[in-house]
Each structure stands twice: as structure tokens, then as C-alpha cells.
Amino acid sequence: MYSNFYSKPVENKTINILAIESSCDDTSAAVLCNNKVLSNVVTTQKIHEEYGGVVPELASRAHQQNIVPVVHQALIKANIDKKQLSAIAFTRGPGLMGSLLVGTSFAKSLALGLDIPLIEVNHMQAHILAHFIKDEAQRIPSFPFLALTISGGHTQIVKVSDYFTMEVLGETLDDAVGEAFDKSGKILGLPYPAGPLIDAYARIGNPTSFPFPKPKVDGLDFSFSGFKTSVLYFVQRETKKNPKFVEEHLNDICASIQFTVIGILMDKLKKAVKQTGIKQIAIGGGVSANSGIRNALKEAERKYAWSTFIPKLEYCTDNAAMIGIVGYYKYKSQQFAGQEVAAKARYVL
Ligand code: KG4
Ligand code: ZN
């Protein structure tokens, strides 16, 4: 049976990786041939919408139902037989424990059954290495670069010196940036996840209508819980004066929220560039879809001569292809996991 061992890097070999992601509320499986994605199947669990956020217990149950059909579909779409697989890669953490257990147990069993190596993957490392998925239309950052990972579960600035040498320079002390969007949206009566809706309303609103305070946080760390509270107090105060305030000013409120949140992210990025001297910025995570952050990065390219990198949206939101690309690099350097490997809800980079 395969276990942890490191030997000479594997060169000139076709490596077929089946990758599995189940850290939150997306069940996903992908097949990669070397650094190229052959299939990337994602099943988003709709059940959480009616609860206004992810319910961990329901997420694990849904993963259990989805995992076999999703893997089956990924293999069919890739036109790869199980016997052609070189290894199984899976998300070990960070994430919701019940969700991680489903993908971890499935990956371990399949690797054991097929007698092929098992590769454990850190989800945050995967968001970053998603930039290295082979895609003719995309430019690839060179080392070292700064990665800004922004989603419903994460907010981090990471210095990436190599595929496996990453240093977290700053991260959120409380809510993730996606949560700041989603919770602000909830206060405005928008359905979950509110991020894309706030983005849509913001496009036709005035970003300077309602100034919200930016939190004062040392270094490169973030904090969004105070911001959410200031949105709540603002909305409560204004609706007392005018019960139709939100309805009448939705576009301007959303534009102001987005303007503040993007301002917080950009301030920290500028600080990180100043601190490290690195001007290559790669972003990832679901919030990378936001038009405000995309425009701000384009402007920074012109204004500060940064090079910015945004992967295709399907590789920004949670997906197994990004787990597969880490699997590919780990396979090349023969970094395998033993069958005793366990899921880790908190898994630092
Ligand atoms: O990466 P992701 O799909 O899942 C994880 O949370 O890991 O990110 C989902 C988050 C949600 O909070 C959602 O509201 C946010 O990304 N999001 C956006 C936009 N699209 C997705 N936030 C702001 N603007 C968007 N266009
Ligand atoms: Zn994620």
C-alpha cells in the first residue's frame, strides 16, 4: 500500500488524477491529465438557500448523496476509466468537518480499492494553485506573487514563493469577505447568497451615497464583523425615519457597501505590495467574481504597474479541478498520504 514517501520527481509520464472537493456546500469531482482539466463537475447544494446560510448537518448529508454520482459523471465526461487513474486527490481541510469526512472517506476507500496513491490537499493552497491549471487563454503568475483569496469562508493574503512555499501575511480575524456581502444582503432582505445581487444592484447605484466606516485593523489582517454591524445600525436608523428606505435606495446602499468592502481589500493589498515589493497579484475564491474588485485591480494595473491574475470563474468558486492541480504537483514530487490520514477542519497553510 502507498504511504508518505518522497523520491525523485516524476518526469515525462501521463498523470491522471481524480480529485474530490467537499469542504463546504459544493460536491465536486474533476479529472486532470497532467495540468489539463478533462472534467470538472460541481453540484451546488440548493437546500441552504431557504436557511439563509450553509447548514453543516444538511451539507454533509447532501455530500453523501451526491458524491458517487458526481465522481461517476466526472469520469464519464473525462472519458477515463478508473483503471487509468494514477492517484486520488481530496480536500483534507480546512472546512466543515462533516462535509470533509464524506470526501476524505470516499477518497481513501477508492484509493485503497484501486491500489493507487492518495494525495491530501489543503483547500487554501488549491485556491492559489488554481492559477496553474493549463488554459491557453490565461496568463500564469511567476514566483513570487501575492495571492488574495476571498470567498464565503476565507479572506487571506498569502506570499507564494513556490508551489509549496506559502506564507500567510494576513487573514480575517472574524467574518470572511463573502460573509460581509451575504450578511449585509440579509439585513437588506436579499436572499442567500447575496454577494452576486449586491454586485448587480451596485452597478446602477452611487458608491459614495452612504459612507460606511472602514475597520481599523493592524498589519495585513482583516475584520468584517464591525462593518456588518454598522450596516445593520444604519439600516435600522434610516428605516425608522422612512420605512421604505431600503426599497427606495437599494442600488445606492449596495453600491456603498461594495465600495467600502472593496476599499478595505485594496488598502490591504497596497500595504502588502509596499511591504513585500511584490507587484504580481493573483486573486481567487467566489468573491473574485465581483465587478468592483475586478475593476479596482484593472485600475491598479494602470496606476501602480501591478500585474493581476484572475482565474476563470469556474476555478475561482469551490471546485475539484483546483484540488486536482495540487494533486498533480504533489504527484510529481511524490507527496502521498497514508491511509491513516484524517480530515482537518482547521488546516493552516
Ligand atoms: O468560493 P465560493 O463559491 O464558496 C466559498 O465560500 O468557499 O464563494 C461564495 C461566496 C459567497 O459569499 C457569495 O456571496 C460570494 O462568494 N460571491 C460574490 C459574488 N459572487 C459570489 N460576492 C460579491 N460579488 C459577487 N459577484
Ligand atoms: Zn473555497
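Derivation of every value follows stated rules applied to the coordinates shown; laboratory data play no part. Values in this document were obtained by computation on a predicted structure and should not be read as measured data. When we count neighbours, we look across all protein chains shown, and the Cβ atoms used for this are built from the backbone with ideal geometry, even at glycine.
When the Cα centres of segment 311-349 and segment 13-40 are compared, how far apart do they sit, in Å?
Rounded to whole Å, the Cα centres lie 9 Å apart.
Given R₀ = 22 Å, FRET efficiency for Ile204-Glu248 by Cβ-Cβ distance, to 0.05?
My answer for the efficiency is 0.95.
Distance between the C-alpha centers of segment 192-248 and segment 288-303? Whole Å please.
Taking the Cα centre of segment 288-303 as reference, the centre of segment 192-248 is 20 Å away.
Using amide H atoms built 1.01 Å from N in the peptide plane, name the residues 5+ places from Leu38, or on other chains, whose amide H lies under 5 Å from its own.
So Leu38 has HN proximity to Val31, Leu32, Cys33.
Of Ala200, Ala137, Ala19, which is the most mobile in a GNM of the chain whose springs link Cα atoms less than 10 angstrom apart?
Ala137
Test of understanding: what is the full-extension gain from Lys271 to Ser109, defined as 0.36 nm times their sequence separation minus their Cα-Cα distance? Provide the component values of the computation, followed by the final result.
Working: separation 162, 0.36 × 162 = 58.32 nm, distance 4.54 nm.
Between Lys271 and Ser109, full extension yields 53.8 nm more.
Relative to the longest principal axis of the C-alpha atoms of the chain, give the angle of the C-alpha long axis of helix 225-241, reported between 0 and 90° and rounded to the nearest 10°.
In the chain, helix 225-241 runs at an angle near 40 degrees to the longest axis.
From the phi angles alone, apply the Karplus equation (6.51, -1.76, 1.60; θ = phi - 60°) to segment 185-201 and give each ³J(HN,Hα) in whole Hz, x where the residue is Gly or Pro.
x, 4, 4, 7, x, 8, x, 7, x, 7, x, x, 6, 4, 4, 5, 5
Assuming R0 = 22 Å, what is the FRET efficiency of Lys216 and Val168, from their Cβ-Cβ distance, to the nearest 0.05? The partial results should precede the final answer.
Working: r = 21 Å, r/R0 = 0.94.
Given R0 = 22 Å and the Cβ-Cβ separation, E is 0.60.
Name the long-range amide H neighbours of Ala87: under 5 Å, sequence gap of 5 or more, or other chain; modelled H, no Pro or chain starts.
Asn16, Leu18
Quick check: the angle from helix 321-332's long axis to the longest principal axis of the chain, C-alpha only, nearest 10 degrees?
So the helix axis and the longest Cα principal axis differ by about 40 degrees.
Once the piece of chain linking Leu58 and Glu301 is laid out straight, how much longer is it, given 0.36 nm per residue of separation minus the C-alpha distance between them? Don't skip to the end; give the middle numbers.
Details: separation 243, 0.36 × 243 = 87.48 nm, distance 4.23 nm.
Stretched fully, the Leu58-Glu301 segment lengthens by 83.2 nm.
Roughly how many nanometres apart are two label points built 7 Å out from the Cα toward the Cβ at His72 and Ser225?
Placing both labels 7 Å beyond Cα along the Cβ direction yields 4.4 nm.
Using the Karplus equation 6.51 cos²θ - 1.76 cosθ + 1.60 (θ = phi - 60°), what ³J(HN,Hα) coupling, rounded to whole Hz, does each residue of segment 242-251 give in order, writing x for Gly and Pro?
With coefficients 6.51, -1.76 and 1.60, one gets 9, x, 9, 4, 5, 4, 6, 10, 3, 4 Hz.
Within segment 244-313, list the GluC sites (Glu not before Pro) lying in a DSSP loop whose Cβ has at most 10 other Cβ atoms in a 10 Å radius.
Numbers: sites: Glu247, Glu248, Glu299, Glu301; in loops: none.
Those that pass, being in a loop and sparsely packed, number zero.
Could you order peptides 108-121, 157-170 by the average number of other Cβ atoms within 10 Å of their residues, highest first? It would help to have the intermediate numbers written out before the result.
Values: 108-121: 19.6, 157-170: 17.5.
Final packing ranking: 108-121, 157-170.
Amide H of Phe222: which non-local residues (sequence gap of 5 or more, or other chain) have their own amide H closer than 5 Å, using H built in the peptide plane?
Close amide H contacts, sequence-distant or interchain: Glu171, Thr172, Leu173.
Convert each backbone phi in segment 20-26 into a coupling constant with the Karplus relation 6.51 cos²θ - 1.76 cosθ + 1.60 (shift: θ = phi - 60°), then list the ³J(HN,Hα) values in order as whole Hz, x for Gly and Pro.
Rounded to whole hertz, the list is 10, 10, 8, 7, 9, 10, 10.
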